Amino acid sequence: MKGGTGKTTLAVNLACLLSETTKKKVVILDLDRQELAAAWSQVAGNLPCSVVKSGNPLDLLKSGKDVVVIDTPGNLHAQETQQAIRAADLVLIPCTPSPAEMEASRRTVGVVRELSQKPCLVVINRLRPGTITGRAVEDWAAQLGAKVAETKIQLREAYQQTALSGWVNKGEGKEELQSLLIEILDLVANFSKTNTL
C-alpha cells in the first residue's frame, strides 16, 4: 500500500493483461491522489482497459464493467484505501525486497485483516535475482503472516518503459504477469468457492 512499491505499475499491467486475455471489460479505478494510472492512460493512449479517477466499485460493476482494479493511495490509513480494502475480492500488497519494505508489508497485512475477511496476496516486486537480498526474500516472506505469490516480479526495464509505451505485452515480463494473474484468479476462485458452499 505504500508509495514506491510499484502498485500502479502492477495495477495497470495486470488490468491490461486481464482485459486482453479474458476479453472482460476491465476498468482501473485510480483513487491515488497522484492520479498516475490516469496519466499513464493519457500518455500511452492504447490500453486495452479503461481508467476512471472516481467512482464506487460496485457502481462500476453495475454499469457493465466485469472487473474493477483499484489503484489506491500510498497511505494505508487514507479513507479511500480503507474503503477499497473493504470492497475488494482480493487485496494485492506489492512489496520490494528490503527489510524495511517487508516490515511495512507485515503491518499492511495486519490492517487488511482488520478491515476485511477476504484474501490478501503479497507480491514481491522489483526483485533482483542472484543478489543477497533476492536470496533472502523467501525467509522474509515467511515472516509476513500472509500468502506470498509464488511469482516474483523482477526488476526489468520493460516495466519502467510501460508508462510511455502502454503495458508489458510481450517477453519475460509478460510471462511473469501471466503467471501472477493465474495465481490471482485461482486465489479469488478458491475463496469464492469456499465461501459459497
Could you count how many residues in region 69-109 are of a type in the set (Ser, Thr, Tyr), under 14 Å from the mean Cα position of the chain (by Cα) and not in a helix (DSSP H, G or I)?
2
Going through region 81-106 in order, the residues found to be within 18 Å of Gly6 (Cα to Cα), surrounded by fewer than 17 Cβ atoms within 10 Å (Cβ to Cβ) and at pLDDT 85 or above are Leu90
Boolean, Ile70 is out of contact with any Asp or Glu (no Cβ under 9 Å at 6 or more places or on another chain), closer than 22 Å to Leu180 by Cα and β-branched (Val, Ile, Thr)
no
Pairs please, first residue from region 159-173 and touching a residue at least 60 places away in the same chain (Cβ under 8 Å), second anywhere and of a type in the set (S, T, N, Q) and part of a loop (DSSP other than H, G, I, E, B), Cβ atoms under 6 Å, 6+ apart in sequence or on different chains.
Gly166/Asn46
If Arg33 satisfies all but one of (1) closer than 19 Å to Ala78 by Cα; (2) without any contact (Cβ under 8 Å) to a residue 40 or more places away in the chain; (3) surrounded by fewer than 17 Cβ atoms within 10 Å (Cβ to Cβ), what's the number of the condition it fails?
(2)
All but one of (1) in a helix (DSSP H, G or I); (2) within 27 Å of Leu18 (Cα to Cα); (3) without any contact (Cβ under 8 Å) to a residue 60 or more places away in the chain hold for Ile124, so report the exception by its number.
(1)
How many residues does region 148-168 hold that are surrounded by 16 or more Cβ atoms within 10 Å (Cβ to Cβ) and either outside any loop (DSSP other than H, G, I, E, B) or in contact with a Cys (Cβ under 7 Å, 6 or more places away or on another chain) (or both)?
8
Anything in region 118-175 that is in contact with a Lys or Arg (Cβ under 8 Å, 6 or more places away or on another chain) and of a type in the set (D, E, K, R)? List them, or say none.
Glu172
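The values are calculated or read from the model by the stated rules, or taken from the named source; none is laboratory data. All figures in this text were calculated on a predicted structure; none of them were measured in a lab. As a convention, Cβ positions derive from the backbone with ideal geometry for all residues, glycine included, and neighbour counts pool all protein chains shown.
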